[in-house]
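Read through the structure below, which is laid out as structure tokens, and then see the notes.
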Amino acid sequence: MRQKSRSLGRPRQNQTTKPTKTIILDTATKLFIQHGYKIVSMDDVAKECDITKATVYYYYSTKADLFTDAMVHMMQRIALSISQILATDAPLKERLYQLVKIQLSATIDIDMGSFMRDAKTHLSDQQLQTMKESEEQMYNAVEYVLIEAMNNGEIPKFDPKFATHSFMSLLNVGNYRDAQSQSIFPSIDEATKQIVDFYLRGLGVQ
């Protein structure tokens, strides 16, 4: 049977495998996080996916577009994970412990501050805005639970956005490394305990 022609770069469809676009996004996210925006090329992504570079360009016309979409999808997954962790019936302190430990474990080898600064100079204002809106989804997931905890008396009432941003800022402290790449904390468990305890004490929770 004669095969139908397809445009250059258009991926072959295989319903039994993960969609090609998803493979590209997952692979690009991993490469960008491991090596940074500047070093990773579209060719690197194609080789890692075992597809042609034309296939990558079929979905993304520029590396900046690919990076933006990869980061948006990553932040959406994080927001969903945060919501799922915080949606249990466990006391807030236990849920925050679990959230911090999982987040720090996932980002232990990533300097997110440097990682994002490296990319920002190559992105358009619209791309930066798109990523900012996705980042807000992560903050909203935390804010929702903090508001709920305030309303049921589990924690004192504070401005929920201030409480949320304070908590997320403390998460960044857990990833801090000095000039010798040394963390403030001896372990993730200790970082988790100190961050959550410090945060709750700041809210007036004993």
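Things worth noting here:
- Where labels lie 7 Å past Cα in the beta-carbon direction, separation of Ala106 and Leu80 in nm: 1.1 nm
- Cα-based helix-to-principal-axis angle, 188-202 vs the chain, degrees rounded to 10: 50 degrees
- Computed on the Cα trace of region 135-183, the radius of gyration divided by the Kirkwood hydrodynamic radius gives Rg/Rh = 1.14.
- Here the label points at Gln129 and Ser61, each 7 Å from Cα along the C-beta direction, are separated by 1.8 nm in the simple model.
- With each label modelled as a point 7 angstrom along the Cα→C-beta vector, the His165-Gln182 pair spans 3.3 nm.
- Sequence-separation-based contact order of region 56-179, relative, with Cα cut under 8 Å and 6+ spacing, percent: 35 percent
- Residues in region 30-87 average 49 Å² of solvent-accessible surface per residue, probe 1.4 Å, ligands and nucleic acids excluded.
- Spread over its residues, the convex hull of the C-alpha atoms of region 71-203 is 109 Å³ per residue.
- Gap separating the Cα centres of region 57-94 and region 150-206, nearest whole Å: 21 Å
The values are calculated or read from the model by the stated rules, or taken from the named source; none is laboratory data. Here the structure is a predicted model, which means the values were calculated and not measured. Cβ coordinates were reconstructed from backbone atoms using ideal geometry, including for glycine residues, and neighbour counts include every protein chain displayed. These accessible areas exclude ligands, DNA and RNA; they are computed on the full protein's heavy atoms, side chains included. Shrake-Rupley method; radii C 1.70, N 1.55, O 1.52, S 1.80 Å.
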